[in-house]
Each structure stands twice: as structure tokens, then as C-alpha cells.
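Visitor: Pasting in a structure now, in C-alpha cells, and then I'll have a few things to ask.
The values are calculated or read from the model by the stated rules, or taken from the named source; none is laboratory data. The model shown is predicted, which means the values in this text are computed figures rather than measured ones. Counting neighbours? That spans all protein chains shown, and the Cβs are built from the backbone with ideal geometry, glycine included. Keep in mind that these areas ignore ligands, DNA and RNA; they rest on the heavy atoms of the full protein, side chains included. Shrake-Rupley method; radii C 1.70, N 1.55, O 1.52, S 1.80 Å.
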Amino acid sequence: MWTDQTLDFDGAFANHHPALFRYLFRLTGDADTAADIAQESFVRLLDHPVPEDKIRSWLFTVATNLVRDRARMRERRRRLLLVHGKPSPQPPARPDDELERDEMIESVRRALDRLDPRDRQLLMLREEGFRYREIAEMIEVAPGSVGKLIARALERFSRVYEPSRAATAEDEEHENRGGEDASRS
């Protein structure tokens, strides 16, 4: 908590780091990146006088901006690699027992990536448990409009996510019928 001279940094860290890390992990899909960005957000907090009641939203806003900055940098690097013809490294294969979970997570991430950044941020902040008032401050809208904005973001998410799930279900059903047909011959 801020007084005229000091911030209870340990208290702020204890209160906000777990939620900030979860949010960043969901946003990035990478624990190391989430930890790095959370750490950078807290380092920046040391240099900025933020009232105690605003620390949480300030940290999440800074962290979201850091994620965007990293994404831009990663995209620039990817384009440079494509121009110079160097392939990007492939992740190692995952065990079969995690495959289904990983596919679902990837499907959700793909759907989130298809949303505009504000919709994605709204859904992630809502999932992290922010109050509408806090979300309104962070995205700079009237508090009364947050519910409607979230509802619209959820509708857009459903439109981009459900078709990918339906396609997967149709593929599985087709495979199952193909297996039954083959066994009847």
C-alpha cells in the first residue's frame, strides 16, 4: 500500500502475483513467458506511484501491454526468418494422454486469436475475476457498458470456436462410421 514514501511491495506481490501469472499463462500459453512478464510488471510497479486500490488493474494493464509488445516482436522475427528462409523450430511431440487436452487448449487459443484484441482482453479479464468497474477502467469505457461488451465478445467467441469444435466432431463421427463400414464388409 502506498503511503507518502513507500509501497508494501511484498504485500502487493503476495496479493496479485498468482492471479497475474494465471492471466498471463492463459494469454500466452507459456509459463516462462508468463513468469517473465509478471516479473517485469512488478519491477515497473516499483518505479510508478500507484494507489493501492488501483495496483491490480495497473499491473494487468501493464502486463497486457507487455504481451502485445512481445507478440509484435515475435511476429517481426517470424517475418524476418521467412524472408531469410530459416525454418522455425518445431515443438517436441507430446505424450498421447495430453493430446486431447492440448488440442482443446489450442482450439480455444485459435478462437481467441481470431477475436479482436479488446474482445480477447475482455474475456481474459472476466475469466480472471475482475469486476466490471475494474474492466471499465482498464479498457477505458463506461462501467455500464462492460456487461454488454462481454456478452458480445462471448457471442463472437462462440461463433469462431463452435465451428472448429463441430468440424472436429464431424471428423471423429466420419472416422467412426468408416471403421464400422469396414468391419461390415
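Visitor: Any chance you could look up the accessible area of LEU46 with a 1.4 Å probe, heavy atoms only, rounded to 10 Å²?
Guide: Here the residue's solvent-accessible area equals roughly 100 Å².
Visitor: Could you tally the net charge around ARG131, taking each other residue with its Cβ under 14 Å from the Cβ of ARG131, Lys/Arg +1 and Asp/Glu -1?
Guide: Combined, the nearby Lys, Arg, Asp and Glu give -1.
Visitor: If each residue of separation counts as 0.36 nm, what is the full-extension length gain between SER158 and ASN15 once their alpha-carbon separation is subtracted?
Guide: Length gained between SER158 and ASN15: 48.2 nm.
Visitor: If you don't mind, another one. Tell me the per residue accessible area of the range 94-147 using a 1.4 Å probe; a whole number in Å² is fine.
Guide: Result: 65 Å² of accessible area for each residue.
Visitor: Right, here's the next one. Report the extension gain between ASP53 and ASP30 in nm, rounded to one decimal, defined as 0.36 nm multiplied by the number of residues separating them, less their alpha carbon distance.
Guide: Length gained, ASP53 through ASP30: 5.4 nm.
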